[in-house]
Amino acid sequence: MQNLARQILRETFGYPTFRGAQEHIVGHLAAGGDALVLMPTGGGKSLCYQIPALMRDGAAIVVSPLIALMQDQVDALKQLGVTAAFLNSSLDAETARAVSQSLLRGELKLLYVAPERLMTEGFLNLLERLNRDKNIALFAIDEAHCVSQWGHDFRPEYRALTVLHERFPNVPRIALTATADAPTRAEIIERLQLEQAQQFVSSFDRPNIRYRVTLKDNARKQLQTFLETEHPDDAGIVYCLSRKKVEETAAWLKEQGWDALPYHAGLDAEVRRKNQKKFLREEGVIMVATVAFGMGIDKPNVRFVAHMDLPKSMEGYYQETGRAGRDGLPANAWMAYGLGDVVSMRQMLLSGDAPEERKRVELQKLDALLGFCESTACRHQTILRYFGEEHPGGCGECDNCLSPVDTWDATQAAQMALSCVYRTGQRFGVVHLIDVLLGKLSPKVEQFNHQQLSTFGIGKDMARQQWSSVYRQLVAAGFINVDIEGYGGLKLTEAARPVLKGQQEVWLRRDAEPAKRKSSKAERGSRLREAFAGANEDPLWQALKAKRSELAREQGVPPYVIFHDSTLLEMLDRKPQTLTEMGQISGLGQSKLSKYGDDFLRVLEDAANRK
């Protein structure tokens, strides 16, 4: 069985070896066992059920929540010579009937189906007919975290998927997710009755992603600098908190000459479909979006994810940044944030209709994200520690490792800042508190007679920007809470008491002026980054991409369905001269080699002749 799995991996999918736990998962599922797979985005989850589907008799039924993703996955499988189809609301009745008949005739190896469609009595009866003939290979439940009420991707219909275990107890099931936190994992097991399933938990590190967090200081200009210096021709996603900001940012980027599109739940469904299709099928498109965009987006060559606002949690940040660099090539996760983001996000969480228990959980998750933003430690290490995984640190691929942060003894400044909060009555915002510390007689300071306080003017030795940094970090460290009911006023927590009494030191990070990058290659620490950076300037790389785009247009599929960037990069590096040599390239199975091998050999030959 192990040899068969490796043969399918090599001949159908074109990969020489399995990665991580893939081989164990494939073997376990192919032998009829249930599995819960937690694996990062881009870690190769799909192979964990696609290969067992090809090893077992019958068809694999894959439950997927997203219509666009189903289409992409079916297109990709057809490129590999695998018979696959999907059933969802995008199909008319006649086409849906034809797919169902193909399934009954045993013509399909994989069928992707929306959970709503699967739960209809008609489809369950069709599955019963298949099962009587032992023609169901397995059930795969993708994006299994949709079952969790604590997640922002919660889908109520996922709760009903226990029917698969109840009505088809002998069919193996695999549930897959890229959400790693323990509460979500426990809920998946309970809701889907996977108590007996073997759990496979992969490392959640994404070493190819460079994490950077920068302080907001004209965020649009900062975003523009980031795009111009590092991603002038790349596809990426820019996340914003509100629909209004999405539309304004997309319009502004377009004015600056970028191919940018908006995406949020308030847009017409046809506009969303059209924008998503363009993002998936064309090169260099930037999608500006709320979190409504992203779950299950299978575009492997998203080179950056930028956050113009703070996400809701570490889970959200991890999922959203994980949409970059799914092909394993270098990618950037860039975020600009400030204290205003903290106030906005807390206000959004507390003003919602959720029960108090859920609000407390969400505030704790937000606090963990604030701690990440202000941390001076390795970003990879901080993320993995949050998910219960150890990381040695010193990744060389985040801002804190590339440019270690200065810290300073801020005990006295913290005492001044906290004392000012207390003496003004714990009901004023940062701007007013800084006015008091600087001794600035603003109308509000005079109105409340705060110029008479002992803290008035005691902070003149520090600039407004420094005080803003102190307050931001004191909030992130849990010494101060933002009182939403008090319109953003700051209140002391119990943790502030020992600082005010002189019993505890406070060390804060020193905010540096953002350094201007000379070029996108200047800081690239790994050989892979350097190779990828060099490829962008190579005419052969552009010719290979042009051929891929041409073939994709002819077939009406996204370019990455033909080949991933990583496959083209290997062609560029190895420059195969025969089909046999071309067949050694990762990602080139027998089907793709026969379809495209000659086309790409001609591109390589033309380039060699021009030299």
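Per DSSP H run of n ≥ 4, the term is -39500 (n - 2.57); total these for the chain, divide by its residue number, and report the mean residue ellipticity at 222 nm rounded to 500 deg cm²/dmol.
-13500 deg cm²/dmol
What are the radius of gyration and Dmax of segment 407-509, computed over its Cα atoms and given in Å?
Rg then Dmax for segment 407-509, in Å: 12.6, 37.
Under the √(5λ) rule applied to the eigenvalues of the Cα gyration tensor, what semi-axes describe the equivalent ellipsoid of segment 79-212? Give them in Å, descending. Don't jump to the answer; show the numbers that get you there.
Details: eigenvalues 163, 69, 47 Å².
After scaling each eigenvalue by five and taking roots: 29, 19, 15 Å.
Return the sequence-ordered ³J(HN,Hα) values of segment 261-272 in whole Hz as given by the Karplus equation 6.51 cos²θ - 1.76 cosθ + 1.60 applied to θ = phi - 60°, using x for Gly and Pro.
For segment 261-272, the Karplus-derived couplings read 10, x, 8, 7, 5, x, 6, 4, 4, 5, 5, 4 Hz, x marking Gly and Pro.
Using the Karplus curve 6.51 cos²θ - 1.76 cosθ + 1.60 with θ = phi - 60°, work out ³J(HN,Hα) for each residue of segment 543-553 in order, rounded to whole Hz, and write x for Gly and Pro.
5, 5, 5, 5, 5, 4, 5, 4, 5, 5, 4
So for segment 538-610, what are the equivalent ellipsoid semi-axes in whole Å, largest first, each being the square root of 5 times an eigenvalue of the Cα gyration tensor? Working shown, then result.
Working: eigenvalues 57, 43, 24 Å².
The equivalent ellipsoid of segment 538-610 has semi-axes of 17, 15, 11 Å.
Between rounded, prolate and oblate, where does segment 207-280 land on the alpha carbon gyration tensor, with a ≥ b ≥ c its root eigenvalues, rounded for a/c under 1.5, else prolate if a/b exceeds b/c?
Cα axes put segment 207-280 in the prolate bin.
What lysines could a cross-link reach from LYS221, if we take a straight Cα to Cα line under 22 Å and drop same-chain neighbours fewer than 8 places away?
LYS244, LYS245, LYS254, LYS516, LYS518, LYS521
Tell me, what are the semi-axes, in whole angstrom and largest first, of the equivalent ellipsoid of segment 340-478 as set by the roots of 5 times the Cα gyration tensor eigenvalues?
Details: eigenvalues 210, 96, 22 Å².
Working through the eigenvalues yields semi-axes of 32, 22, 11 Å.
What's the exposure ranking of MET335, MET462, MET582, going from fewest to most Cβ atoms within 10 Å?
Least to most surrounded, the residues fall as MET462, MET582, MET335.
Which lysines, if any, have their Cα less than 20 Å from the Cα of LYS109, not counting same-chain residues under 8 positions apart?
LYS45, LYS78, LYS134, LYS592
Taking the Cβ of ILE51 as the center, what net charge do the other residues with Cβ under 12 Å away carry, scoring Lys and Arg +1 and Asp and Glu -1? List each step's numbers first, then the result.
Details: positive: ARG6, ARG10, LYS45, ARG56, LYS109; negative: GLU11, GLU23.
Within the 12 Å Cβ shell, the charges total +3.
Assuming a ≥ b ≥ c are the square roots of the Cα gyration tensor eigenvalues, decide whether segment 345-417 counts as rounded (a/c under 1.5), prolate (otherwise, with a/b larger than b/c) or oblate. Mind dumping the intermediate values first?
Working: a/c = 2.93, a/b = 1.38, b/c = 2.12.
Cα axes put segment 345-417 in the oblate bin.
Starting from the amide H of TYR112, placed 1.01 Å from N in the peptide plane, find each other amide H under 5 Å away whose residue is 5 or more places distant or on another chain.
Sorted by chain and number, the residues that satisfy this are VAL62, ALA85, PHE86, LEU87.
Once you have the alpha carbon radius of gyration of the chain, what is it after dividing by 2.2 N^0.38 Å, with N set to its residue count?
It is 1.06.
Check GLY489: other-chain or 5+ apart residues with amide H under 5 Å from its amide H, H built from backbone geometry?
ASP483
Which whole-Hz couplings ³J(HN,Hα) result when phi for each residue of segment 225-240 is put into the Karplus expression 6.51 cos²θ - 1.76 cosθ + 1.60, θ = phi - 60°, listed in order with x for Gly and Pro?
4, 4, 5, 5, 7, 10, 9, x, 10, 9, 7, x, 10, 10, 9, 10
May I ask you to sort CYS240, CYS401 by Cβ crowding, counting other Cβ atoms within 10 Å and putting the fewest first?
Values: CYS240 23, CYS401 19.
Arranged by neighbour count, lowest to highest, CYS240, CYS401 become CYS401, CYS240.
Considering the Cα positions of segment 147-257, please state its Rg to one decimal place and its Dmax as a whole number of Å.
Gyration radius and largest Cα-Cα distance of segment 147-257: 20.8, 59 Å.
Rounded, prolate or oblate for segment 209-402? Axes are the square roots of the Cα gyration tensor eigenvalues, ordered a ≥ b ≥ c, and the cut-off for rounded is a/c under 1.5.
Because a/c hits 1.5 or more and a/b fails to exceed b/c, segment 209-402 counts as oblate.
Give, as a single signed number, the net charge of other residues whose beta carbon lies under 15 Å from the beta carbon of MET308, with Lys and Arg counted +1 and Asp and Glu -1.
+2
Taking the inverse of the average 1/r across all pairs of different Cα atoms in segment 249-354, what Kirkwood radius in Å do you get?
Every distinct Cα pair counted, the radius reaches 15.0 Å.
Amide H of ILE136: which non-local residues (sequence gap of 5 or more, or other chain) have their own amide H closer than 5 Å, using H built in the peptide plane?
ALA59
For the chain, what is the percent of antiparallel DSSP beta bridges, rounded to the nearest 5?
Here the antiparallel bridges make up roughly 15 percent for the chain.
Bear in mind that the values in this text are calculations on the coordinates, not laboratory data. Source: prediction; values computed, not measured. A quick note on method: Cβ atoms are made from the backbone with ideal geometry, for glycine too, and the neighbour counts reach across all protein chains shown.
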